[in-house]
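Beneath this line is the structure, given in structure tokens, with notes to follow.
Any read-out appearing in this document is the output of simple, stated calculations on the displayed coordinates, not a laboratory observation. In this text the structure is predicted, and so the values were computed from the model without any measurement. Cβ: placed from backbone, ideal geometry, glycine included. Neighbour counts: every protein chain shown.
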Amino acid sequence: MFSQAEKERYKRQFSLDNFGEHNQQKLKQAKVLVIGAGALGCPVVTYLAAAGVGTIGIVDSDTVELSNLHRQVLYTVDDIGRPKVMAAASRLQRMNPEITVAPYNEIFAPENAFDLIRNYDVIIDGTDNFPTRYLINDVCVLTGKTNVHGSVVRYAGTVSVFNYRDTSGDFGPNYRDLFPVPPRPEEAPSCAEAGVIGVLPSIIGSLQAMEAIKVITGIGEPASGKFIRYDALTNKQETLRFQKDPANPLNDASENFIFEMNYPAFCHQRQTDMKSISVTELKELMDNGNDFQLIDVREPYENDICTLNGELIPMGEVPANVEKIDRTKQVVVHCRSGKRSASIIDFLEQNYGFTNLYNLNGGILAWIAEVDPSMESY
């Protein structure tokens, strides 16, 4: 059942009351899919691998960047530029050669979601955006898989277990029972927009790993029907209890649901054409002395690293500073990559009727790549 090396590796778990070799065997036979190899995914896969989960799948399409390293501690500077899933798989196999790690260097989307999830017992959501979060939840419900949720921003994080199947065979509530409608982008900024203290994802990710182990082995009480919020600054932990919603659209839904669902639109991401401008076109405006307004919706710390000398109005502060945005001339809005600026333009057009806003394609990263490679990046 266990090799001598495994017995030595897991002996502290073997000696645990109500755990022993029988639950270690459950871990060995388990297959866990972790979607997202970033801040949450790193501690999740690390502790699952160390605990002896037999097969760990990792889904992510990103590469390692320097700005990841303050919180994504599975990676080093030598990994910069490598696909995260490949760097993670290599590290985990060296950490525990007794397990199998399957990297999926791809975006989790409706087209591949069922194929990825069907082969695994437990799904762990380590993503940082609402369209993917709802998609994961929906596919888990439609395939009868348990979904271990985690999220972090600033100094707080949340954990829950959705669609948990109890010993009687009944499924617990899922993400849509708790959040039937997603927040607007300006109401729920991402870590890139609002920042996050580097230690926090390790705390929340470790809790997710523990919930997965509880689900797999049957020990303890999984956080099903509980939404746990942890505040790192005060050490306060709050638990919101919730139940199934009879109006949940997944009730009696078929697999076609995810193909009929427009996740970006549902999560308030703009679907129509947006006026935009390239970084070379912006450079021409600057060089020609054109009369236009340049607005930077990044955070102050980002502006301190590198700047195009636009007017700084952080994304979260835009609703209170709408009057600062000129309606009489061209206004170019930029952020790091173009995503936040697109969200803000959509917000301003939908709610305040602006018609003169242009998104800077690729943001300041494109400026560095195409216009000024000497500028410090992050």
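If a paramagnetic tag sat 7 Å from the Cα of Thr100 along the Cα-Cβ line, which residues of the stretch 56-72 would have the backbone N under 19 Å from that point? Residues 56-60 qualify, since their backbone N sits under 19 Å from the label point.
Between Asp78 and Asn351, the simple spin-label model (points 7 angstrom out along Cα→Cβ) gives 4.7 nm.
When the helices of the chain are scored as -39500 (n - 2.57) per DSSP H run of n ≥ 4 and the total is divided over every residue, the value at 222 nm lands at -10000 deg cm²/dmol.
For Lys11, the lysines whose Cα comes closer than 27 Å to its Cα, not counting residues fewer than 8 places off in the same chain, are Lys26, Lys28, Lys31, Lys214.
A cut-off under 13 angstrom between Cβ atoms defines the neighbours of Asn96, and their net charge, with Lys, Arg +1 and Asp, Glu -1, is +1. Taking label positions 7 Å along the Cα-Cβ direction at both Met274 and Glu323, the computed distance is 2.6 nm, reported to one decimal.
Measuring between alpha carbons in the structure, the pairs from Lys226/Lys339; Lys84/Lys275; Lys283/Lys339 lying more than 28 angstrom apart are Lys226/Lys339; Lys84/Lys275.
In plain terms, the residue of Asp17, Asp372 with the fewest other Cβ atoms within 10 Å comes first and the most crowded comes last, giving Asp17, Asp372. Relative to the 2.2 N^0.38 Å rule of thumb, the chain has a C-alpha radius of gyration ratio of 1.07.
Shape analysis of the stretch 276-370 places it in the oblate category; the axes a ≥ b ≥ c from the Cα gyration tensor give an a/c of at least 1.5, with a/b not above b/c. Per the Cauchy relation, a quarter of the hull surface: what is the mean projected area of the convex hull of the alpha carbons in the stretch 339-378, in nm²? Reported value for the Cα convex hull: 3.2 nm².
Here the convex hull built on the C-alpha positions of the stretch 1-121 has a volume of 107 cubic angstrom per residue. Over the chain, with a Gaussian network built from C-alpha contacts below 10 Å, which listed residue (Lys236, Lys145, Lys84) shows the highest mean-square fluctuation? Maximum among the listed residues: Lys236. Legend: calculated FRET efficiency, Arg184 to Ser337, from the Cβ-Cβ distance at R0 = 22 Å, rounded to 0.05, equals 0.65. Note on Tyr155 and Gln4: the extension gain reaches 50.1 nm, defined as 0.36 nm multiplied by sequence separation minus the Cα-Cα distance. Working note: Debye formula, equal point scatterers on the alpha-carbon atoms of the stretch 54-184, no solvent; log10 I(q)/I(0) at q = 0.10 Å⁻¹ is -0.37. Taking each residue as 0.36 nm, the span from Phe114 to Asn290 lengthens on full extension beyond its C-alpha to C-alpha distance by 58.3 nm. DSSP beta bridges confined to the chain are antiparallel in about 40 percent of cases. Packing here is the average count of other Cβ atoms within 10 Å per residue, and on that basis the peptides 147-160, 255-268, 214-227, highest first, run 147-160, 214-227, 255-268.
Between Ala113, Ala89, Ala253, the GNM of the chain built on Cα springs shorter than 10 angstrom shows Ala253 fluctuating the most. Relative contact order of the chain: 13 percent, from C-alpha pairs under 8 Å at least 6 residues apart in sequence.
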